[in-house]
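Values in this text are rule-based calculations from the coordinates and carry no lab data. All figures in this text were calculated on a predicted structure; none of them were measured in a lab. All Cβ positions, glycine included, derive from the backbone under ideal geometry; neighbour counts span all protein chains shown.
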Amino acid sequence: MHVIFVAPHFPAYQKQFVRGLKAVGAAVTGIGEAPVHALPDDLKSWLDGYEQVPSVCDDQAMLDTVRRIQARGWVDRMEATIEAHMLTAARVREATGIPGLSYEQTVLVRDKTIMKEFMRKHNIPCAASASADSADSLAQICRKIGYPVIIKPRAAAGAAGTWRVNSDAELAGVIPQCGVLQGQSVAVEEFIEGHEGFYDTLTVGGRIGHDFISHYYPGVLEAMRTRWISPVIITSNRIDAPGYDEVKQMGYKVIKELGIHTAPTHMEWFYGPRGLKFSEIGARPPGVGQWDLYCAANDIDLYKEWAFSIVKGACPTPLSRRYSAAIINLRPTADGTIKGYEGVDHIFNKYGKWFIKSHFPAPGSPTQGVEAGYMANAWIQMKYPDYDDLRNILQEIGQTIKVIAD
């Protein structure tokens, strides 16, 4: 099988998908923005070909490149695992006859407003929502839905460009920032109170081959706005507990209604006073290296499982569910330059055997803003057999390690 893989170079974990494909016998041609000499040596060894383009989101450049690759030989699949690349990849697949997610399916999992309309049509609980492309329409929709509301780009990932708005006065401050004054369309959604998590699958032939449930502590919007918090994403090894049944049933319904055949999925949910509601649907892997947590928690190479699902149509390796696993983001005390760390040696001595990976930028490194996400500045990935004990350990880590900056 010959697979085109989009953007194999960045982020760094992208090359693991190529490694997985190569490990199961696929020939892989990469298309990316970096010159070939800038690719890591191991990545180059896994690629059978590589094409550079100015942008992997440039439809015409991508179409021309794929047609050039097809002229040299048959292409079975074209895979894009980064959300921002998916629409272009879908358009190119349809123009060149390569199987995979259709453009219609991709729009449904990219556009926040269309996504919510689809969910309501198929009786999948979700937040009330609408789109607005002017200041007047935005104000009218906010009042109709009722404060508080969430305002976000219609095709954003994570909490990028997202605001919680509690009043007309707060809306006045958001309008100049959100793009509607420039004619951009934004999604306006009911704010859902409750605990926030996500349900991920590797779906093969329309059936769930592997699945995972993870939790945010605290919710994403609060985590990306509050400096003193050391936010955590933790994946549970208790996925067979009865309390998760509703999430899994609803996730299966999403996959069925979307007609997803073979692809990773990522579904964000809230559970609170109004019950379970899905907030986002993605036909892609989660970000921030979450698959690395799944690999460590389940004694599995999920990148190879993904590749096997594409090439062989199956997920052959059972999940062990031996561990829960998590990432904790450790914020600097201020924006500026990292001066040093406190408490790191103590934590490494106490819990280091459970660490998967860690990253501590060298003193002198510039800081990144709080909103930059879970892998900005310092972070630790770790696993532990018991979910509750892991949560307590993460709390201790967040209280002990200090990232000193000014």
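General observations
- Here the gap between Asp406 and Ala23, fully extended at 0.36 nm per residue and compared with their Cα-Cα distance, gives a gain of 133.3 nm.
- Using a Förster distance of 35 Å, the FRET efficiency for Ala84-Lys44 (Cβ separation, nearest 0.05): 0.90
- Linear extension gain, Arg72 paired with Glu104, 0.36 nm per residue minus alpha-carbon span: 8.7 nm
- Relative contact order %, the chain, counting alpha carbon pairs below 8 Å whose residues are six or more apart: 13 percent
- The chain, helix-only ellipticity at 222 nm - DSSP H runs n ≥ 4, -39,500 (n - 2.57), divided by all residues, nearest 500: -10000 deg cm²/dmol
- Residues Tyr384, Tyr351, sorted so that the one with the fewest Cβ neighbours within 10 Å comes first: Tyr351, Tyr384
- Cα-centre dipole for the chain with unit charges at Cβ (Lys and Arg positive, Asp and Glu negative), debye to 20: 540 debye
- Relative contact order computed over the stretch 262-305 (Cα-Cα under 8 Å; 6+ residues apart), in percent: 30 percent
- Each Lys and Arg Cβ is given +1 and each Asp and Glu Cβ -1; about its Cα centre, the stretch 195-405 then shows a dipole of about 160 debye.
- Anisotropy class of the stretch 195-405 from Cα gyration tensor, a/c 1.5 cut: prolate
- Entry note, the stretch 137-214: relative contact order of 28 percent, from Cα contacts under 8 Å with a spacing of 6+ residues.
- Loop-located trypsin sites (Lys or Arg not before Pro) across the stretch 311-406 with a Cβ neighbour count of 15 or fewer within 10 Å are Arg321, Arg322, with loop assigned by DSSP.
- Under a model in which nothing but the beta-carbon of Lys, Arg (+1) and Asp, Glu (-1) is charged, the stretch 2-100 shows a dipole of about 240 debye around its Cα centre.
- Pairwise FRET efficiency - Asn123 versus Trp228, Cβ, R0 = 51 Å, nearest 0.05: 0.80
- Overall, the anisotropy analysis places the chain in the rounded class: the square-rooted eigenvalues a ≥ b ≥ c of its C-alpha gyration tensor yield a/c less than 1.5.
- Full extension of the chain segment joining Ser134 with His346 gains 71.0 nm, where the gain is 0.36 nm per residue of separation less the Cα-Cα distance.
- If you sort the three axes of the alpha carbon gyration tensor as a ≥ b ≥ c, you get a/c under 1.5 for the stretch 128-190, which makes it rounded.
- Annotation for Lys353 and Arg143: the two label points, set 7 Å from Cα along the Cα-Cβ direction, are 6.4 nm apart.
- By average C-beta atoms within 10 angstrom, highest first, the peptides 299-306, 36-43: 299-306, 36-43
- In the stretch 161-241, the GluC sites (Glu not before Pro) that fall in loop regions by DSSP, at most 12 other Cβ within 10 Å: Glu193
- Ranking Gly100, Ala38, Ala84 by Cα position along the charge dipole of the stretch 2-100, where only Lys, Arg, Asp and Glu carry charges on their C-beta atoms, puts Gly100 farthest toward the positive end.
- When the charge dipole of the stretch 297-351 is built from unit charges on Cβ atoms (+1 for Lys and Arg, -1 for Asp and Glu) and taken about the Cα centre, the candidate among Asn349, Asn329, Val311 whose Cα reaches farthest toward its positive end is Val311.
- Of all beta bridges that DSSP places with both ends in the chain, some 80 percent have antiparallel geometry.
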